[in-house]
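The values are calculated or read from the model by the stated rules, or taken from the named source; none is laboratory data. None of the values given here were measured: they were computed from a predicted structure. Using ideal geometry, Cβ is built from the backbone for each residue, glycine included, and neighbour counts are taken over all protein chains shown. These accessible areas exclude ligands, DNA and RNA; they are computed on the full protein's heavy atoms, side chains included. Shrake-Rupley method; radii C 1.70, N 1.55, O 1.52, S 1.80 Å.
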Amino acid sequence: MIRINHLTDIDTIPAERLQALLGSAEQYLQTPKTCPTFPNAQMATLFYENSTRTRLSFQLASQRLNMPSLALDSHYSSVQKGESIEDTAANLVAMGINILVIRHPDSDAPQRLLDVVGKQAAIINAGSGTASHPTQALLDVLTILQHKRSLEALTIAIIGDILHSRVARSQIVLLHKLGVQSIRLIAPNALLPAEVASLPVDVYTDMTKGLQQTDVAICLRIQKERMPPSLFPDVQAYREQFGLTPEKCQLLKPDAIIMHPGPMNRGVEIDSAVADGAQSVILEQARNGVALRMAVLASAAEHLH
Ligand code: NCD
């Protein structure tokens, strides 16, 4: 039986395949003109949550691979009539779609598609609930590797709203799988997940301590849409304690890089002077996202017929 290359989360993918995806993305960055083509693949993006970078970079990636693609517009589709994601996916597959890229507020949405159409189509997770965002974590590692020779010895700090962040969850799993020794989470207690004690991380509730000796600082967006207002009462107080300001950047290693998956709340989790400063690689992350998603789509298309 042919194995389809799904990407529903980082946990289930062997480290060698993750490394291969990173290597292939690097190739696409270096030689963008020598792309294979995938006429048998037909991608559809099913986005049930807002997105700018992820959705458009999947579309750009498919264009650059000469892979036909469609985007389901959930606002104008039968999603509004209550059609389930399982029925939607089954109908798209019946029409000939064989790569489904899904973003959904339910953490188990990619697995549900896998159960229904996983034998006929590759399922790619573009962000599921608060659980998982594998392509973001991979493009982040791709970006880190362009600036730092090897991952193992790095100290990488993930800062802010860890509780609601699927990006942080996938980053922790990926960084750990790839051998990073020192992963730090820096956040107020209220924004740390319950499972934090079981994660391979060091936890800091004090930015001054957490940022010291850090090579990579990853800021996360405060996800107000996923929390009750009581959890985040005071923007100014948050910025003072956990916002990455130019003063707090002084605590990092001098050659540290600063990242953010976007979209940013400027003046909350990150100051503009930092986001637009010399150490920021935030726009490189966006650029790398296209190449990384080309690698993911090409790998998904390999075993399709
Ligand atoms: C992230 C997401 O959707 O999880 N954005 C992204 O994909 N670049 C992070 C966020 O929304 O804060």
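A few points about this structure:
- Test: residue in segment 148-162 that is under 30 Å from LEU231 (Cα atoms) and in contact with a Pro (Cβ under 8 Å, 6 or more places away or on another chain): yes
- Test result for VAL116, at pLDDT below 95 and assigned to a helix (DSSP H, G or I): no
- Selection count, segment 155-165, where residues are on the phi < 0 side of the Ramachandran plot and crowded, with 23+ Cβ neighbours inside 10 Å: 7
- With respect to the conditions (1) of a type in the set (S, T, N, Q); (2) more than 16 Å from the ligand (Cβ to nearest atom); (3) assigned to a helix (DSSP H, G or I), GLN136 falls short on a single one, namely (2).
- Scan of segment 232-256 for residues that are touching a residue at least 24 places away in the same chain (Cβ under 8 Å), under 12 Å from PRO188 (Cβ atoms) and open to solvent by 30 Å² or more (accessible area, probe 1.4 Å), ordered by number: GLN241
- Apart from one condition, ASP215 fits all of (1) within 16 Å of the ligand (Cβ to nearest atom); (2) open to solvent by less than 20 Å² (accessible area, probe 1.4 Å); the exception is (1).
- The criterion of being polar (S, T, N, Q), more than 12 Å from the ligand (Cβ to nearest atom), on the phi < 0 side of the Ramachandran plot and open to solvent by less than 10 Å² (accessible area, probe 1.4 Å) holds for THR143.
- Members of segment 238-261 that are of a type outside the set (A, V, I, L, M) and either within 16 Å of the ligand (Cβ to nearest atom) or assigned to a strand (DSSP E or B) (or both): TYR238, PHE242, GLY243, HIS260, PRO261
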